[in-house]
1. Which angle between 0 and 90 degrees, to the nearest 10, do you get for helix 49-62 versus the longest principal axis of the chain when only C-alpha atoms count?
2. Using the C-alpha atoms of the range 277-337, what convex hull volume per residue, in cubic angstrom, is computed?
3. From the P(r) of the range 1-43, can you give the percent of Cα pairs sitting at distances over 12 Å?
4. Where does each of 372, 330, 303 land when they are ranked from fewest to most other beta-carbon atoms within 10 angstrom?
5. Gain in length, residue 78 to residue 415, computed as 0.36 nm per residue apart minus the alpha-carbon separation, to one decimal in nm?
6. State, in angstrom, two size descriptors of the range 206-305 derived from its alpha carbons: Rg to one decimal place and Dmax to the nearest whole number.
7. Rounded, prolate or oblate, given the Cα gyration tensor of the range 16-122, with a/c below 1.5 counting as rounded?
8. Sorted from largest down, give the three principal axis spans of the alpha carbons of the range 242-292, whole angstrom values.
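Quick note: the coordinates plus some simple rules give every number you see, no bench work behind them. These figures come from a predicted structure and were not determined experimentally. Methodologically, a virtual Cβ is constructed for each residue, glycine included, from the backbone with ideal geometry; neighbour enumeration extends over all protein chains shown.
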Ligand code: GLU
């Protein structure tokens, strides 16, 4: 099998495009065939170097390696012109006010055989003789795609359902060229959780945005694979090897698939938990330029759903955060300030200042004060983190260290006295 991913470089690689690329890649890897990358860059204005590079970056980051290409469609214009001339010479096309039109029979039909959708029949009477070259000689989109797919020996065209209406025209061109048509597979459209066409409104819309939001390539591959395909009704986690071994176009659904970022978050969380803490720490250190993040990663990894969640859970260790006023007024009442002062005294005496020492000091104090643990721990948490989201209190205090913990508690006490 020879398949291709043929994006038009318009900017960041959209989630739908990434799903198309992934399915092509899976088809090629499963069959031992080739995955060709063709850049459909005939729109010279939009096909800037940056836009083309965005596609490469996204594919490389996602781990979707191609076997041939990138082939620039624009660079193949001479081949397109040659074939236009041949269609004219052989009477399949004719000139009309300088433009070239393909002859479409008045009767009969063209049938698209689609692995996912079955046969889709297009009546010829509904299709005019369509333009394949403008009067300046430049080839039109359907002509270029058909010639390229033929020249590149593409056996399976796997692309979004938004291209179905182009397919009969491409088939007619292929037939006029005397080429064997490829097999088609038009992938289901992507919708948001509200059932509307996927757009920015639904959150991240591109691979670049997903990367910036802290998703892992492996989790994205797994999630995108399920947008239209499933092995059975229940299995959700697939390694690359399992995807390659089990994927098939026959099992792709016709109905729109729902991209739900919350679901991706959940899935990403599981991928994060399975990562080696040191590997995750290295990733965060590379991204942030900080060092020594491993101890904090070890206590937050369980709770993270995206790489960025680390900063929500542990960012307060490195930088004081402004106090969350709501959290403050909720916890700093009913003797909370006195309890906090007692905690300060107890923590000042802990030796050595590690998690076990902090734990025994604070649990001892809870007993002594005869309060519910939260009555003591929540004020400490708000004092040192600025809010209520953090790893366990003993780990948090031990990681922050004695000096900084006491300093932050002192500030909170001063504030409580105001
Ligand atoms: N260039 C088209 C697009 O980006 C894809 C064409 C095709 O796959 O046939 O939507």
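1. The angle comes out at about 60 degrees.
2. Values: hull volume 7.0 nm³, N = 61.
In the range 277-337, the Cα convex hull volume per residue is 115 Å³.
3. Numbers: 532 of 903 pairs.
Distances greater than 12 Å cover 59 percent of the Cα pairs.
4. On the way: 372 10, 330 13, 303 18.
By the 10 Å Cβ count, ascending, the order reads 372, 330, 303.
5. Details: separation 337, 0.36 × 337 = 121.32 nm, distance 7.57 nm.
Residue separation times 0.36 nm, minus the Cα-Cα distance, leaves 113.8 nm.
6. Cα-based Rg and Dmax for the range 206-305 come out at 15.5, 49 Å.
7. On the way: a/c = 2.48, a/b = 1.43, b/c = 1.74.
Oblate, since a/c reaches 1.5 and b/c is not below a/b.
8. Taking the Cα atoms of the range 242-292, the three principal extents are 49, 25, 16 Å.
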